[in-house]
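Inspection log for the structure reproduced underneath, given as structure tokens.
The values are calculated or read from the model by the stated rules, or taken from the named source; none is laboratory data. Nothing here was measured: the structure is a model prediction, and the numbers come from that model. Here the Cβ is made from the backbone with ideal geometry for all residues, glycine too, and neighbour counts use every protein chain on show.
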Amino acid sequence: MATVRRRRGTSGAPPLPVSVAEMRALAHPLRLRILEVFVERPRTTKQVALLLGEPPTRLYHHVAALERVGLLVLKETRKNRGTTEKWYEAAAKAFGPMPSARAKGRAKGSAARRAIATTALELARRELVLAMQERGRERALVARLVVVAQPKRLAALRKRLHRTLQDIHREFGSREGRVLAADDARWAVTLVFAPVSRSGVTRRTRSTH
């Protein structure tokens, strides 16, 4: 879900473009899940590992990679029983459009976008399979609908879906400052709105009449 990325300490700052390096860093299911948890509030790597059911040792490399490209920032360090805890937070609440630079840069950006999209879909597939295997759990909602309309109406539908996602995000989404209850459950919404046939098929069909 895309929200506005802001410079720290600047209210109402304009969205900042996401670099190719940042997008590539997110093209990994575990890193995407890690960042989603850090968006909620500052945490340590150990706390995130506990929430995700992963050993902390598996996360250190991924947290370092996210910090290296600027998606995570070190908020503070705390002394705890002779050790130093590092508390990280998400540098942004989501991602703005890629900058329109040279053709080579656009090609890299497109590849990175495809990688993130593939990662998000693969993550959704894994989560769905696990949810369907667990007995006694509320069932996941899965639906597929093919819509047929003129390009202008499809463009309007795209905007409508985007607004709906924004509304859901404002009401339920992870955000800084939100008070989390002990029994809060995490669910994910993955939306795909994409063409299922090429325009050439339509033209050929019309030519037969």
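Residue by residue, here is whether (1) β-branched (Val, Ile, Thr); (2) touching a Cys at 6+ places or on another chain (Cβ under 6 Å); (3) closer than 27 Å to GLU127 by Cβ holds:
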| residue | (1), (2), (3) |
| --- | --- |
| PHE38 | no, no, yes |
| THR45 | yes, no, yes |
| PRO56 | no, no, yes |
| VAL63 | yes, no, yes |
| GLU76 | no, no, no |
| ASN80 | no, no, no |
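In the stretch 50-87, of all residues being in contact (Cβ under 8 Å) with a residue 12 or more places away in the chain and of a type in the set (Val, Ile, Thr), the one that is nearest to LEU130 (Cα to Cα) corresponds to VAL63. Restricting the first member to the stretch 120-146 and to residues that are surrounded by 10 or more Cβ atoms within 10 Å (Cβ to Cβ), and the second to residues that are outside any helix (DSSP H, G or I) and among the basic types (Lys, Arg), the beta-carbon pairs closer than 7 Å and six or more apart or on different chains are ALA131/ARG137.
Out of all the residues in the stretch 149-157, is one or more at pLDDT below 90 and among the hydrophobic types (A, V, I, L, M, F, W, C)? No - not one qualifying residue is present in the stretch 149-157. Could you please find all residues in the stretch 15-44 being in a loop (DSSP other than H, G, I, E, B) and at pLDDT below 90? Residues satisfying the conditions are PRO15, LEU16, PRO17, VAL18, SER19, LEU26, ALA27, HIS28, ARG41. Every condition in (1) assigned to a helix (DSSP H, G or I); (2) hydrophobic (A, V, I, L, M, F, W, C); (3) modelled with pLDDT under 90 is met by ALA182 except one, and the failing one is (1).
Considering only residues of the stretch 65-84 that are among the small types (Gly, Ala, Ser) and at pLDDT below 90, which is surrounded by the most Cβ atoms within 10 Å (Cβ to Cβ)? Restricting to residues being among the small types (Gly, Ala, Ser) and at pLDDT below 90, the top hit is GLY70. Within the bounds of the stretch 177-184, is there any residue that is surrounded by 11 or more Cβ atoms within 10 Å (Cβ to Cβ) and either touching a residue at least 60 places away in the same chain (Cβ under 8 Å) or touching a Lys or Arg at 6+ places or on another chain (Cβ under 9 Å) (or both)? Yes, because at least one residue in the stretch 177-184 is surrounded by 11 or more Cβ atoms within 10 Å (Cβ to Cβ) and either touching a residue at least 60 places away in the same chain (Cβ under 8 Å) or touching a Lys or Arg at 6+ places or on another chain (Cβ under 9 Å) (or both). Using the structure shown, decide if ARG170 is assigned to a helix (DSSP H, G or I), free of Cβ contacts under 8 Å to residues at least 12 places away in the same chain and either charged (D, E, K, R) or closer than 16 Å to TRP187 by Cβ (or both). In short, yes.
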